[in-house]
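A short worksheet on the structure shown next.
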Amino acid sequence: MRVAVFAGSSPGALPEYQTAAYEAGRSLAGAGIGLVYGGASVGLMGAVADGALAAGGEVIGVLPGELFSADIQHQGLTRLEVVGSLHQRKALMADLADGFAALPGGLGTLDELFEVLTWRQLGLHAKPIVLVDVAGYWSALLALLDAQVAAGFVQQASLRDALRVSDVAGLLPALGLRRGCLG
């Protein structure tokens, strides 16, 4: 089993973000869950990979070769997949994953998150999606989504597909982890 984690390539403004990313990787690996992520050694992406690797977990990075230089590529991964575009990256990450988690991040994190939310809404997958709301990071986004429901642009059922947990301790239960498997 594997979880794709979307996270920033920057460390963010709060030290809690970096700590949560490391702990998320460590928690997944400790539960025997492999990590699929963006392949970088920097920011929260690097921290989540480092946490999983430190706990002896499987870590698969997926990098679009044309956009990223080798100096940000994580060197200690179990496996690195180099693809031709961001579109291919998102598709491969989704194919390799049995669930998704979003840590704090920027526009790329939002892009990845909204892609899997949209795919789920359209019935293209039924995998769990969890937002790890470190220090209230996702509160504004969740308020926007609630406003979209109120305005009639998003079905309330679509929001139930994105579970919110306040910290990393809630990640595995929200993913539906039972006896080493998702679902």
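See the values below:
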item	result
Residue in the range 175-183 that is closer than 19 Å to residue 36 by Cα, modelled with pLDDT under 90 and either touching a Lys or Arg at 6+ places or on another chain (Cβ under 8 Å) or hydroxyl-bearing (Ser, Thr, Tyr) (or both) present	yes
Breaking point among (1) at pLDDT below 95; (2) within 14 Å of the chain's Cα centre (by Cα), for residue 63	(2)
Answer residue from the range 1-32, given it is part of a strand (DSSP E or B) and among the hydrophobic types (A, V, I, L, M, F, W, C) and is surrounded by the most Cβ atoms within 10 Å (Cβ to Cβ) among those	5
All positions within the range 69-101 that are of a type in the set (Asp, Glu), surrounded by fewer than 15 Cβ atoms within 10 Å (Cβ to Cβ) and within 18 Å of the chain's Cα centre (by Cα)	95
Tabulated pairs, the range 52-67, first under 11 Å from residue 79 (Cα atoms), second surrounded by 15 or more Cβ atoms within 10 Å (Cβ to Cβ) and among the basic types (Lys, Arg), C-beta under 6 angstrom, 6+ apart or interchain	62/89
Residue check for residue 123: over 17 Å from residue 4 (Cβ atoms), under 17 Å from the mean Cα position of the chain (by Cα) and without any contact (Cβ under 8 Å) to a residue 12 or more places away in the chain	no
Residue pairs meeting the criteria (Cβ under 9 Å; at least 6 apart or on separate chains; first farther than 16 Å from residue 9 by Cβ, in the range 24-43; second among the polar types (S, T, N, Q) and at pLDDT below 95)	none
Number of the condition not met by residue 101 [criteria: (1) over 19 Å from residue 59 (Cα atoms); (2) assigned to a strand (DSSP E or B)]	(1)
Residue in the range 145-153 that is surrounded by 11 or more Cβ atoms within 10 Å (Cβ to Cβ), within 26 Å of residue 48 (Cβ to Cβ), modelled with pLDDT under 95 and out of contact with any His (no Cβ under 8 Å at 6 or more places or on another chain) present	yes
Residue pairs meeting the criteria (Cβ under 7 Å; at least 6 apart or on separate chains; first in contact (Cβ under 8 Å) with a residue 40 or more places away in the chain, in the range 93-115; second assigned to a helix (DSSP H, G or I) and among the hydroxyl-bearing types (Ser, Thr, Tyr))	102/109; 104/17
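For every residue, the table says whether it meets (1) touching a strand residue (DSSP E or B) at 6+ places or on another chain (Cβ under 7 Å); (2) charged (D, E, K, R).
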residue: 129; (1), (2): yes, no
residue: 133; (1), (2): yes, yes
residue: 146; (1), (2): no, yes
residue: 154; (1), (2): no, no
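The values are calculated or read from the model by the stated rules, or taken from the named source; none is laboratory data. Source: prediction; values computed, not measured. So basically every Cβ, Gly included, is an ideal-geometry build from the backbone, and we count neighbours across all protein chains shown.
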